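Novice: Before we start, here is the structure in question, set down as structure tokens.
The values are calculated or read from the model by the stated rules, or taken from the named source; none is laboratory data. Just so it is clear, the structure is predicted and the values come from calculations on it, not from any experiment. Quick reminder, even Gly has a Cβ in these numbers, built from the backbone with ideal geometry, and neighbours come from all protein chains shown.
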Amino acid sequence: MGLPLRVATGVVAAAVCAVPLIASPAGAIIDGTDDTTNLFANVGVLQLNVDSEWFDFCSGTLVAPNIVLTAAHCTDFLQEEGEDGFGPDDLRISFDPAPDATSTYYLVDHIVVHPDWFTAPACIGNSKNACLAPPAEDIALVWLTDDVEGVTPAPVADAGYLDELDLKTETFTVVGYGTDEFITGSAASPMAIVVVDGIRSYREVTAIPATDAFPDRFIKITAGVCFGDSGGPLFHDGTVVAINTWTFSYRCDGPNLEYRLDAPTAQLFLDTYL
């Protein structure tokens, strides 16, 4: 069972409201570790303005002083204010490990989504073959109105980076601000109790090198990434090698697919816009 890692705004709001029901927040991502020492200072949370309230809904990585790398499916509806009423002004980003009312937030100047993303057929059902097949290139860049102070941008993988590794022996790190835990139910359950503590967290994962759909554009990893972690990074030795994109489980307890940044399609996009 597969589904993109961004959920609808209503589900995000419900997840946020569920947090007070939990006596003590769990470590995220799923079974991850809260980034209390700010190890991943260049990973930020994307917040959406809905009826004058801000909600976490995706993650991203600072890859230049004023540019954030994230997923296309996190930003495709924010290109310019349209029928849905959302535009770049409805997005803000913070790089605090646990953002609150006192945190620094960066506003958005403009967003560039991979143009092929908009030419892909509609994602119907939960099949990765229907939702992730070319030309669905799940990558976007967000330009901030100001440079991010005191944060070093992360390097991005060059062409063929992952092809040079023995994936059976390497360890990677996923980072994001998304769902920490499902106490009851799942993302598809109307009465689920979901922990979303709003804290940046991380977890070490390994690759699953078995042949899977679109291996030239995605790397398959072990469980851990969940809703709200979309757009966040898969790190290898401090380099961003892929973007959190897809989970096979409504409870985020299955493997995940990460969009490869070293693939030719991603490299062309980055060379053009970054």
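Novice: Quick test of your reading of the structure: GLU204 fulfils all but one of (1) closer than 22 Å to THR245 by Cβ; (2) out of contact with any Ser or Thr (no Cβ under 9 Å at 6 or more places or on another chain). Name the failing condition by number.
Specialist: So the condition that GLU204 fails would be (2).
Novice: Output the residues belonging to region 151-184 that are assigned to a strand (DSSP E or B), of a type in the set (A, V, I, L, M, F, W, C) and either more than 21 Å from PHE55 (Cβ to Cβ) or within 17 Å of the chain's Cα centre (by Cα) (or both). Full working, then the answer.
Specialist: Going residue by residue through region 151-184, those that are assigned to a strand (DSSP E or B) are 156, 171-176, 181-184.
From the residues that got through so far, the ones that are of a type in the set (A, V, I, L, M, F, W, C) too are 156, 172, 174-175, 182-183.
Listed by number, the residues that qualify are VAL156, PHE172, VAL174, VAL175.
Novice: Scan region 100-118 for residues that are under 30 Å from LEU132 (Cβ atoms) and of a type outside the set (D, E, K, R) and jot them down. Outline the logic, then answer.
Specialist: First, the residues of region 100-118 that are under 30 Å from LEU132 (Cβ atoms): 106, 108-118.
Answer for region 100-118, where residues must be under 30 Å from LEU132 (Cβ atoms) and of a type outside the set (D, E, K, R): TYR106, VAL108, HIS110, ILE111, VAL112, VAL113, HIS114, PRO115, TRP117, PHE118.
Novice: Which one is farthest from GLY44 (Cα to Cα), of the residues in region 126-158 that are modelled with pLDDT of 95 or more and small (Gly, Ala, Ser)?
Specialist: ALA157
Novice: Restricting the search to region 206-227, which residues are more than 23 Å from ALA159 (Cβ to Cβ), aliphatic (A, V, I, L, M) and either surrounded by 20 or more Cβ atoms within 10 Å (Cβ to Cβ) or at pLDDT 85 or above (or both)?
Specialist: Residues satisfying the conditions are ALA223, VAL225.
Novice: Do any strands (runs of 3 or more DSSP E) lying entirely in region 30-74 carry at least 2 residues that are farther than 28 Å from ASP253 by Cα and in contact (Cβ under 8 Å) with a residue 12 or more places away in the chain, and which ones are they? Lay out the reasoning, then the answer.
Specialist: On the way: elements: 43-50, 53-64, 67-70.
Counting at least 2 such residues, we get 43-50, 53-64.
Novice: For ILE93, are the conditions met, namely being in contact with a Pro (Cβ under 7 Å, 6 or more places away or on another chain), outside any loop (DSSP other than H, G, I, E, B), under 21 Å from TYR273 (Cβ atoms) and aliphatic (A, V, I, L, M)? Lay out the reasoning, then the answer.
Specialist: On the way: in contact with a Pro (Cβ under 7 Å, 6 or more places away or on another chain): no; outside any loop (DSSP other than H, G, I, E, B): yes; under 21 Å from TYR273 (Cβ atoms): yes; aliphatic (A, V, I, L, M): yes.
Here the answer is no, as ILE93 does not meet what is asked.
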